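The values are calculated or read from the model by the stated rules, or taken from the named source; none is laboratory data. Since the structure is predicted, the reported quantities are computational estimates derived from the model, not experimental observations. Here Cβ is always computed from backbone atoms with ideal geometry, including for glycine, and neighbour counts include all displayed protein chains.
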There are 2 protein chains.
Amino acid sequence: MATFYGIGVGPGDSELMTVKAVNTLKKIDILYTPKAHNDQPSVAEKIAAPYFSEGLTIKRRRFPMVKDLKEKQASWRTIAEEIVADVKAGNNVGFITLGDASVYSTYSYLLGIIDNRITVETVAGISAYTQIAATISTPLMLDDELLEVIPATADAQKIATAIDDNDNVVMMKISANLPLVYQLLADRNLLDQAIIISNASMATQHTVKLSAVEPTEKLPYFSTLLLKKTYSF
Amino acid sequence: MATFYGIGVGPGDSELMTVKAVNTLKKIDILYTPKAHNDQPSVAEKIAAPYFSEGLTIKRRRFPMVKDLKEKQASWRTIAEEIVADVKAGNNVGFITLGDASVYSTYSYLLGIIDNRITVETVAGISAYTQIAATISTPLMLDDELLEVIPATADAQKIATAIDDNDNVVMMKISANLPLVYQLLADRNLLDQAIIISNASMATQHTVKLSAVEPTEKLPYFSTLLLKKTYSF
């Protein structure tokens with residue numbers, strides 16, 4: 001039966017795609033993917049490209065990166081309806097997403113609009129925060145430890161509570177709010193317990209201890225902070 | 001240079017291994033893997049087996065599943081020293097771990113004992129809690145939402161706080177403490193917001209709403225609960 005596949009392509013290195021993601025790409029007819037600036041292929045598309053089959057139709061669509069929810073919803077709705085029509089016409093359709101398809105992904109909004117009108121299958125991927133732990137060969141959690149994953153764009157009180165209540169905290173999108181997070185950790189004397197990994201598994205991968213960073217420093221867009229209270233980085 | 005590779009093999013389906021995990025298995029000489037009951041291959045070994053090369057030496061070792069930390073540490077130390085010796089003798093050595101190598105894995109203890117005496121590389125894998133979201137095509141988190149991952153064996157107050165402070169909570173090892181978690185969620189009128197996925201991606205995969213489960217029910221060992229406050233399952 002014609003199916004819509006949401007495929008997580010992992011954090012950057014094409015080798016970090018699952019065998020299932022690779023096999024799924026082989027069986028789809030049409031691939032939807034976000035359009036980057038200047039109509040260039042997106043990061044997700046570059047990761048998946050080595051596995052594209054020859055006959056694959058690629059439909060690059062614009063997913064606005066704007067604050068205005070209405071503008072975003074209008075784009076998502078148009079794209080979701082295109083996907084529904086393609087699947088109903090008998091095509092296997094894919095949508096690729098950086099990292100894991102279930103972690104802060106536009107794919108989830110498309111699913112909401114599609115609302116079970118077509119068959120859907122989600123193919124999990126390695127998320128950036130999974131890969132940062134592998135990059136530095138450090139556990140995310142052990143024994144009965146807790147892990148909190150929080151975007152650095154969340155409200156300051158939530159971030160403070162996450163820091164206070166957990167053994168291990170991953171902060172996604174740290175480049176968007178470094179000064180606040182830096183201050184919260186400095187206040188708690190936790191600068192040495194935090195590390196930032198940028199562009200994990202990409203050619204430009206970079207690791208730096210938080211204590212070696214200026215709070216006002218401009219970090220790469222794909223930067224993630226890992227706080228481990230039992231560690232000294 | 002001879003290297004020790006920690007390889008996450010994903011939650012169950014061999015297709016959910018990454019291409020990198022498959023390629024890493026091809027280049028190792030010796031694979032260490034936990035010995036299951038009756039000397040049977042472990043779940044992790046069964047997942048990885050389709051990708052074993054012909055000349056691979058498999059060393060099954062016993063990792064005691066006991067409460068006594070000293071007994072566990074003694075076993076880990078013996079195995080870690082064997083691994084160090086094998087790598088120093090020029091072999092590429094692997095250790096496979098169910099799910100992701102950085103999530104509640106014995107591999108992390110081995111790394112602690114090895115303490116940088118040999119070259120180490122960690123290959124990330126799909127963790128069970130990533131796969132449960134894919135199984136039900138449901139986001140783990142969206143927008144500025146938080147995700148907490150906590151073992152159901154953690155202390156009751158921590159579990160209660162995790163439930164109260166987060167949008168999304170994953171509880172690992174739920175089979176070990178279902179009555180307590182059930183009660184905490186019932187007290188908060190959150191039974192309809194929770195779902196349990198057992199043996200995700202395995203042939204015996206099973207999904208059940210928490211509201212359809214008896215609190216005293218015996219769940220499969222590999223069962224994970226997902227609480228999403230904005231959902232009704």
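Can you name every residue in the stretch A:147-165 that is over 14 Å from residue A:185 (Cα atoms) and of a type in the set (Val, Ile, Thr)?
Our first condition is that a residue be over 14 Å from residue A:185 (Cα atoms); within the stretch A:147-165, this holds for A:147-151, A:153-155.
Answer for the stretch A:147-165, where residues must be over 14 Å from residue A:185 (Cα atoms) and of a type in the set (Val, Ile, Thr): A:149, A:150, A:153.
Quick test of your reading of the structure: residue A:99 fulfils all but one of (1) more than 16 Å from residue B:131 (Cβ to Cβ); (2) more than 8 Å from every other protein chain (Cβ to nearest Cβ); (3) in contact with a Phe, Trp or Tyr (Cβ under 9 Å, 6 or more places away or on another chain). Name the failing condition by number.
(1)
Give the residues of the stretch A:26-40 that are in contact with a strand residue (DSSP E or B) (Cβ under 8 Å, 6 or more places away or on another chain), over 19 Å from residue A:76 (Cβ atoms) and in contact (Cβ under 8 Å) with a residue 40 or more places away in the chain, sorted by residue number.
Of everything in the stretch A:26-40, those that are in contact with a strand residue (DSSP E or B) (Cβ under 8 Å, 6 or more places away or on another chain), over 19 Å from residue A:76 (Cβ atoms) and in contact (Cβ under 8 Å) with a residue 40 or more places away in the chain turn out to be A:28, A:29.
Restricting to the stretch A:117-152, count the residues that are more than 27 Å from residue A:22 (Cβ to Cβ), surrounded by fewer than 18 Cβ atoms within 10 Å (Cβ to Cβ) and more than 7 Å from every other protein chain (Cβ to nearest Cβ).
Number of matching residues: 2.
If we only count helices (runs of 4 or more DSSP H) wholly inside the stretch A:91-199, which ones have 3 or more residues that are touching a residue at least 60 places away in the same chain (Cβ under 8 Å) and either on the phi < 0 side of the Ramachandran plot or of a type outside the set (A, V, I, L, M) (or both)?
A:106-114, A:128-135
From the residues in the stretch B:8-46 that are facing chain A (nearest Cβ under 8 Å) and in a helix (DSSP H, G or I), which one is surrounded by the most Cβ atoms within 10 Å (Cβ to Cβ)?
B:16
It is to be established whether one or more residues within the stretch B:210-227 are more than 10 Å from every other protein chain (Cβ to nearest Cβ), surrounded by fewer than 20 Cβ atoms within 10 Å (Cβ to Cβ) and assigned to a helix (DSSP H, G or I).
Yes; the residues of the stretch B:210-227 include at least one that is more than 10 Å from every other protein chain (Cβ to nearest Cβ), surrounded by fewer than 20 Cβ atoms within 10 Å (Cβ to Cβ) and assigned to a helix (DSSP H, G or I).
Return a yes/no flag: does the stretch B:173-192 have any residue that is under 22 Å from the mean Cα position of the chain (by Cα) and of a type in the set (Phe, Trp, Tyr).
No, the stretch B:173-192 has no match at all.
Residues to consider are A:232, A:137, A:211, A:175; find the one that is modelled with pLDDT under 95 and either touching a helix residue (DSSP H, G or I) at 6+ places or on another chain (Cβ under 6 Å) or within 29 Å of residue A:43 (Cβ to Cβ) (or both).
A:232
In the list A:33, A:24, which residue meets the criterion of being out of contact with any Cys (no Cβ under 7 Å at 6 or more places or on another chain), farther than 23 Å from residue B:23 by Cβ and among the hydroxyl-bearing types (Ser, Thr, Tyr)?
None of the others qualify; the one that does is A:33.
Pick out the one residue from B:187, B:164, B:155 that is farther than 20 Å from residue B:133 by Cβ, in contact with an Asp or Glu (Cβ under 8 Å, 6 or more places away or on another chain) and surrounded by fewer than 15 Cβ atoms within 10 Å (Cβ to Cβ). Break it down into steps so the answer makes sense when it comes.
Details: B:187 fails: in contact with an Asp or Glu (Cβ under 8 Å, 6 or more places away or on another chain); B:164 fails: in contact with an Asp or Glu (Cβ under 8 Å, 6 or more places away or on another chain).
The unique qualifying residue is B:155.
Run down B:106, B:78, B:122 and say which single residue is assigned by TED's automatic domain parsing to the domain that holds residue B:31 and at pLDDT below 95.
After ruling out the rest, the residue left standing is B:106.
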